[in-house]
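Novice: Have a look at the structure that comes next, please.
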């Protein structure tokens, strides 16, 4: 018989901490997020998901609580396109104000070499790379992001929203999510080259904003796949294209670009406010208070 006296949040957080500490120990020992040919990061990204599944199994609850259904296609398309939208806005601001330049020659040249088409111009190679990144690359990115989102938005966010309401649940989930990243930022190279306090401040605004957006989509659609697609699309376009194609324009550029600069988090905060204002659209049976 399923236990209904508690939500299992404490058990989930404990299991996430224990599992994550294994991979964080490996990352900290090497000092590099990319160590282990990326497998340490993949492992740690799946720790929240595994913790959520173990929590439900230990409590005798159904895995259907996590929101496996695909739901309506409109929500999945929105989840895929939203990160591209706020990333384009953010980097348009960066390039337009001179905080960074468009067309990093090192990145464009490297893409042209790796694509392997001798007859294409470097920019044609880059355009082809962008298309492949947003399609084939999306499948790989989703496989990684799903591990986190089974835990954060599949299990934790709905449980906290039922207790704290949408605003509290989304923000507390985001705060836990942000702190969970802190060891990589403090003890490895998960940064864009700014002081840790500045990087973490920007990153915390970013994850709090992302959590509001993703929690809204998760609850509105009933599907954890919306959160996985937002997460994957965000990582893919920011880390895989827009940040590396941005050329440095002095010492200010690292403070402006990527997840650890100030522009992307501020733009995302604007998007988050829009979704927060639409919290009344969420079903009353999944939101305790607003």
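Novice: With segment 1-119 as the region, which helices (runs of 4 or more DSSP H) entirely inside it contain at least 1 residues that are in contact (Cβ under 8 Å) with a residue 24 or more places away in the chain and under 18 Å from the mean Cα position of the chain (by Cα)? Step through it out loud before you land on a result.
Specialist: Working: elements: 9-30, 39-59, 73-97, 105-115.
Once the helices (runs of 4 or more DSSP H) in segment 1-119 are filtered for at least 1 residues that are in contact (Cβ under 8 Å) with a residue 24 or more places away in the chain and under 18 Å from the mean Cα position of the chain (by Cα), what remains is 9-30, 39-59, 73-97.
Here's the yes/no breakdown for (1) touching a helix residue (DSSP H, G or I) at 6+ places or on another chain (Cβ under 6 Å); (2) in contact (Cβ under 8 Å) with a residue 60 or more places away in the chain:
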position	(1), (2)
176	no, yes
180	no, yes
219	yes, yes
268	yes, yes
274	no, no
280	no, no
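Novice: Where in segment 170-255 are the helices (runs of 4 or more DSSP H), entirely inside, with at least 2 residues that are under 27 Å from residue 277 (Cβ atoms)? Let's see the steps before the verdict.
Specialist: On the way: elements: 182-187, 196-221, 224-234.
Here the list reads 196-221, 224-234.
Novice: Is it fair to say residue 257 is crowded, with 21+ Cβ neighbours inside 10 Å, touching a residue at least 24 places away in the same chain (Cβ under 8 Å) and in contact with a strand residue (DSSP E or B) (Cβ under 6 Å, 6 or more places away or on another chain)?
Specialist: Values: crowded, with 21+ Cβ neighbours inside 10 Å: yes; touching a residue at least 24 places away in the same chain (Cβ under 8 Å): yes; in contact with a strand residue (DSSP E or B) (Cβ under 6 Å, 6 or more places away or on another chain): yes.
Against the criterion (crowded, with 21+ Cβ neighbours inside 10 Å, touching a residue at least 24 places away in the same chain (Cβ under 8 Å) and in contact with a strand residue (DSSP E or B) (Cβ under 6 Å, 6 or more places away or on another chain)), residue 257 qualifies.
Novice: Out of contact with any strand residue (DSSP E or B) (no Cβ under 8 Å at 6 or more places or on another chain), surrounded by 19 or more Cβ atoms within 10 Å (Cβ to Cβ) and within 30 Å of residue 251 (Cβ to Cβ): is that true of residue 87 in this structure? If you could, list the steps in order and put the result at the bottom.
Specialist: Numbers: out of contact with any strand residue (DSSP E or B) (no Cβ under 8 Å at 6 or more places or on another chain): yes; surrounded by 19 or more Cβ atoms within 10 Å (Cβ to Cβ): yes; within 30 Å of residue 251 (Cβ to Cβ): yes.
Considered against the rule, which asks whether it is out of contact with any strand residue (DSSP E or B) (no Cβ under 8 Å at 6 or more places or on another chain), surrounded by 19 or more Cβ atoms within 10 Å (Cβ to Cβ) and within 30 Å of residue 251 (Cβ to Cβ), residue 87 comes out as yes.
Novice: Is there any pair linking a residue in segment 162-174 that is on the phi > 0 side of the Ramachandran plot and touching a residue at least 24 places away in the same chain (Cβ under 8 Å) to one that is buried (at least 16 other Cβ atoms within 10 Å of the Cβ) and outside any helix (DSSP H, G or I), with Cβ under 8 Å and at least six apart or on different chains, and which?
Specialist: What qualifies is 165/287.
Novice: Any idea which of 171, 206, 146 is crowded, with 24+ Cβ neighbours inside 10 Å, within 22 Å of residue 46 (Cα to Cα) and modelled with pLDDT of 95 or more?
Specialist: Details: 171 fails: crowded, with 24+ Cβ neighbours inside 10 Å; 146 fails: crowded, with 24+ Cβ neighbours inside 10 Å.
After applying the criteria, what remains is 206.
Novice: For segment 183-199, what are the residues that are surrounded by fewer than 20 Cβ atoms within 10 Å (Cβ to Cβ), within 17 Å of the chain's Cα centre (by Cα) and under 18 Å from residue 255 (Cα atoms)?
Specialist: Selection gives 185, 192.
The values are calculated or read from the model by the stated rules, or taken from the named source; none is laboratory data. What you see is a predicted model; the values in this text were computed from it and never measured. So basically every Cβ, Gly included, is an ideal-geometry build from the backbone, and we count neighbours across all protein chains shown.
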